[in-house]
Structure formats: C-alpha cells, structure tokens
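Working notes, beginning with the structure itself.
The values are calculated or read from the model by the stated rules, or taken from the named source; none is laboratory data. Quick caveat: nothing in here was measured; it's all calculated off a predicted structure. Note: ideal-geometry Cβ built from the backbone for every residue, glycine included; neighbour counts use all protein chains shown.
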Amino acid sequence: MTFGIVVFPGSNCDHDVYWGLKKELGQNVRFIWHRQRDLEGSDVVVLPGGFAHGDYLRAGAIARFSPIMESVVEHARQGRPVIGICNGFQILTEIGLLPGALLRNESLRFAHGLVRLAVQRTDTMFTRQFLLGQIIEMPIAHGQGRYYAPPQILEELEAAKQVLFRYCDVCGQAASEANPNGSTNAIAGLCNAQGNVIGMMPHPERRMNQRLGGIDGQLLFLSVAQSVSGL
C-alpha cells in the first residue's frame, strides 16, 4: 500500500510525515504536488500541516481550490482514507469533507507544545491500534486551531460518535486548562460520518520515534495501514 502526501506552497510538515512513515514504519510513501490531478495510486491521502498558500484569507481557504483537491474529494467519496493534520484539518473543513470550522485560538496567540489527548473510539480505521480511554501525548503548533460547529452539528457529531480525540488533563478529563485553543467540547480530532476521513490539530507525525519524544503517533498510521491492507 502507498501513502500519498499532498504538498502545497507553505506546507512544512510534509517531510515529517514522509520520514516517519518511510523510516519508522517502512511504508511506501510519495509526495503529490497540489497542482497535479492524479493521486498516483495512493491508498491513503495525507494533507500535512503548515501554512498552505500562506494561510491568506484564512487557513485552508485557498488550498481547497488546488487542482488535486478534486481527486482527494473523489478518493474520500469512494470510502478511501484521508488524513488531515493541522493545516490539513483546516483544508478538510474548508472543502466540506469534515463539518465545522477551525477559528483563531481563544487566546488570539499561536499555541505550541505538548498536549494530552483522550482516545474516544477504537473501532475506526484510524484508531484500532489504540485503547479506549487511552491518554496519549502529541505536539501542537497552530494559531487557528479552535474547533467550532453550530450546536445542531455538534449534537449530531456527538450522537454519531465522530469525535475521536479530545484534549484532556492527566486524568483523561476534558478540563478547560487542558484545552490549548478553546475548541468546543475539547475536540482535537474527528472523522466524517462514513469514518474514512479524519482531521486533527495535534501532530501524530511528530510522535513517531522514541528518540524524538515518543511513538503515540505511530498508532494512528498503523491503524489505517492495517485497515487498508486488511491484516
């Protein structure tokens, strides 16, 4: 199987994803330039973090019009996996593959550092390697990471159990002091109704190596690899 990483002008986490997948997990990986229209046989599409097109207008607003996104949308509609990380999450909400929006952090300041996440589900293609309720650590680095959706959409998300990760404290509780950006319902990552598209603000690709802080991020990529390969 092959992971395809879409590269936009301003992407800066594309190589992190590439080397984590290739060197740590031994996966086939390729870069896909945003002006292409062909996913080149990629089984899993990754939209990495960064500042696509400089985040002009707002994060992800221009990237959604890149030629490759038509193929990404079709890939998702076929039930095939798409992962959006940080800026990639923002792009997925802009193009409508995920509900809601990512707004400026509640503090109006750039947020970075380690956060704790509580795993909400283990029966999806992205979380099958985790334990239910497991507390994991991942880095964040964003200025527009506050997840928001209207009350009715939030009710639907919660009822359908589309929230996969929540910001939490050391006890696994969604405390306000553990929420780095003011996201509604402490939402750090969610999937679409079909369960094949995930967006998350924390960076799993930066937790792929014990020497660099931990391997919690490996579990997400191993989950989707297992799901796609059918192992």
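Observations
- Qualifying residue in segment 12-29 (condition: in contact with a Pro (Cβ under 9 Å, 6 or more places away or on another chain) and polar (S, T, N, Q)): yes
- Any hit, segment 14-24, residues being over 21 Å from TYR147 (Cβ atoms), among the acidic types (Asp, Glu), in a helix (DSSP H, G or I) and more than 15 Å from the chain's Cα centre (by Cα): yes
- THR127 vs. criteria closer than 25 Å to VAL170 by Cα, touching a Leu at 6+ places or on another chain (Cβ under 7 Å) and touching a residue at least 40 places away in the same chain (Cβ under 8 Å): yes
- Of all residues making up segment 31-57, the number that are more than 16 Å from HIS75 (Cα to Cα), of a type outside the set (Phe, Trp, Tyr) and in contact (Cβ under 8 Å) with a residue 12 or more places away in the chain: 8
- You will find that of VAL45, VAL17, VAL7, the residue that is over 18 Å from LEU220 (Cα atoms) and either among the β-branched types (Val, Ile, Thr) or touching a Lys or Arg at 6+ places or on another chain (Cβ under 7 Å) (or both) is VAL7 and no other.
- Residue-level analysis places PRO204 among those that are crowded, with 21+ Cβ neighbours inside 10 Å, in contact with a helix residue (DSSP H, G or I) (Cβ under 6 Å, 6 or more places away or on another chain) and not aromatic (Phe, Trp, Tyr).
- Counted residues, segment 52-84 - those being under 26 Å from ARG146 (Cα atoms) and basic (Lys, Arg): 2
- Residue within segment 36-57 that is under 23 Å from ALA159 (Cα atoms), touching a helix residue (DSSP H, G or I) at 6+ places or on another chain (Cβ under 9 Å) and aromatic (Phe, Trp, Tyr) present: no
Quick grid of which residues meet (1) out of contact with any strand residue (DSSP E or B) (no Cβ under 9 Å at 6 or more places or on another chain); (2) closer than 21 Å to ARG37 by Cα:
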site: GLY60; (1), (2): no, yes
site: PHE65; (1), (2): yes, yes
site: GLY84; (1), (2): no, yes
site: PHE89; (1), (2): no, yes
site: GLU94; (1), (2): no, yes
site: GLY100; (1), (2): no, no
site: GLY113; (1), (2): no, no
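- Of the residues making up segment 1-13, those that are modelled with pLDDT of 95 or more, outside any strand (DSSP E or B) and of a type outside the set (Phe, Trp, Tyr) are PRO9, GLY10, ASN12, CYS13.
- Residue match in segment 143-155 (condition: under 18 Å from the mean Cα position of the chain (by Cα) and within 19 Å of VAL17 (Cβ to Cβ)): yes
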